[in-house]
Amino acid sequence: MNKLTHITVTAFVLFTSLGAQAASIGSWQKQMLYAPSQSQLKMEQRGRVMIYDGLKDTEVDNAMDKQFERIDSMMFVRTVVTDKQGEPLRNEATGEVVAENDGC
């Protein structure tokens, strides 16, 4: 394997790993949001606030409806704006996913 091939393979593995970690973080956040453990609930009762980063607006709305009693323990940042089909909206000029401006 030459040096360029090694760099390409290394970069591919790194980006694949980062993508898997991002998916894992999203799954972890959803688990904490929709099915919190008893220890998580106890921490929330003592004042802990969980910051949920990058969830879709539809997921936030669903959480607000189904987890209403826990709202004081939730903070949502960089919420992804979706279209009517639930797909993330993208900025036409940059192609980047559109996120709500949360003021943070």
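We did not get these values from a lab; they are worked out from the coordinates using the rules stated. Every value quoted in this text rests on a predicted model; they were computed, and no experiment measured them. Don't worry about glycine lacking a Cβ; one is built from the backbone with ideal geometry, like all the others, and counts go over all protein chains shown.
Please report the net charge: other residues with Cβ closer than 15 Å to the Cβ of Ile71, K and R +1, D and E -1.
Spelling it out: positives minus negatives among the neighbours equals -3.
Can you pull the one-decimal nm distance between simple spin-label points at Thr58 and Leu89, each 7 Å off the Cα toward Cβ?
Label-label distance for Thr58 and Leu89, simple model: 1.5 nm.
Within a 10 angstrom radius of the beta carbon, how do Lys30, Lys56, Lys84, Lys42 rank from fewest other beta carbons to most?
Ascending Cβ contact count within 10 Å gives the list Lys84, Lys42, Lys30, Lys56.
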